[in-house]
Amino acid sequence: MTDGPSHARGPVFDAEVATDLEQSDLSHGTLLYMEDVSVSFDGFKAIDGLNFYVNVGELRCVIGPNGAGKTTMMDIITGKTRPDKGNCWFGQRLDLLAMDEAEIVHAGIGRKFQKPTVFEQHRVFENLELSMAGPKSVWATLMARLTPEQKERIEEVLDIIGLTQEAARLAGALSHGQKQWLEIGMLLMQNPLLLLVDEPAAGMTHQEMDRTVELLGSLAGEHSLVVVEHDMDFVRALDSRVTVLHQGRVLAEGSMDEVQSDPRVVEVYLGE
Ligand code: ADP
Ligand code: MG
């Protein structure tokens, strides 16, 4: 699961913070706490008394109609948006509302946006190399010699994301799905405890979706994941606990079968 040295391996990831979290907080079981969180934009409550908890190693799907507040919720977790009220904790000790975006990344929260943002003109291997570099320049990073541990980690991540065969190709030449996996790999290079993934299935072929389900499933356990997705077949295939957001709060939570047969959920989706 999440104990052991694997999370303290990356050069960007803050091993000290991780050790703090692992020893005293993660034993508690909950990695992310959001309690009574609200935020308004020009008087409109985008998030309204939200309570949301994610366990260590859990894969959680978040669904909900357009405008439900899914992206805003991720913006709050990553420090991009500050709530008007409420509490957000990472483990029991890190107050996310007292941290800036860089500190939150450093503490082990990685986010993947919908559109892949790989370095198209660089090779797949180099993309992974660059993503563990931190503030160094592209040139300095690519010229620096990799330690055997770094090389091993890149190879390990290539294997996880299924791009070992593509390591020497330019990222710009990859398929849309492969670019999405590469970007997940780039996040993995920073050894996040929590990965936030916004609409990974968008634009994918069925085959790519199946592979993405496998990939995300394989990351759970070692990482916690929050996956926002519109494609219900994809969410069903992930076979995880599902949170339904509506009007900035949790409408229902449970297995896909449970939430899909909830009359309130049916009403919200039919009324969309
Ligand atoms: P979802 O991702 O579930 O579709 P969002 O979190 O993007 O929903 O948006 C929730 C609501 O908040 C929407 O009505 C949206 O227009 C509004 N909203 C989100 N971000 C902003 C912002 N920065 N300024 C004004 N309104 C916003
Ligand atoms: Mg959104």
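The numbers here are math on the coordinates, done by the rules we state, and not lab data. Quick caveat: nothing in here was measured; it's all calculated off a predicted structure. Cβ sites come from the backbone with ideal geometry, for glycine too, and all protein chains shown count toward neighbours.
Things worth noting here:
- Distant-in-sequence amide H partners of LEU32 (H built 1.01 Å from N, under 5 Å): VAL54, GLY91
- Length-normalised contact order for the stretch 233-272 - Cα pairs under 8 Å, 6+ apart - percent: 30
- Amide N proximity, the stretch 57-99 versus SER40 label position 7 Å along Cα-to-Cβ, cut-off under 12 Å: 84-85
- Proximal lysines to LYS45, defined as alpha-carbon separation beneath 21 angstrom and excluding residues fewer than eight positions away on the same chain: LYS70, LYS80, LYS85
- Mean Cβ neighbour count within 10 Å, used as a protection proxy, ranking 181-194, 152-165, 40-53 highest first: 181-194, 152-165, 40-53
- Couplings 3J(HN,Hα) of the stretch 157-163, computed from phi: 5, 4, 5, 4, 8, x, 10 Hz, in residue order, whole Hz [Karplus 6.51 cos²θ - 1.76 cosθ + 1.60, θ = phi - 60°; x for Gly and Pro].
- Taking the average, over residues, of other Cβ atoms within 10 Å as the packing measure, peptides 210-220, 238-248 rank 238-248, 210-220 from highest down.
- Derived scalar couplings ³J(HN,Hα) [the stretch 188-203; Karplus, 6.51 cos²θ - 1.76 cosθ + 1.60; whole Hz; x for Gly, Pro]: 4, 4, 9, 6, x, 7, 10, 10, 10, 10, 9, 6, x, 8, 4, x
- Residue-span extension gain [GLN247 to ALA173] - 0.36 nm each, minus C-alpha spacing: 22.6 nm
- Estimated distance in nm for a label pair at ALA98 and ASP159, the labels positioned 7 Å out from Cα along Cα-to-Cβ: 4.1
- When each of the peptides 223-235, 112-124 is scored by how many other beta carbons lie within 10 Å of its residues on average, the order from highest to lowest is 223-235, 112-124.
- In summary, the lysines within cross-link reach of LYS151, defined as a Cα separation below 24 angstrom excluding same-chain residues under 8 places away, comprise LYS112, LYS136, LYS179.
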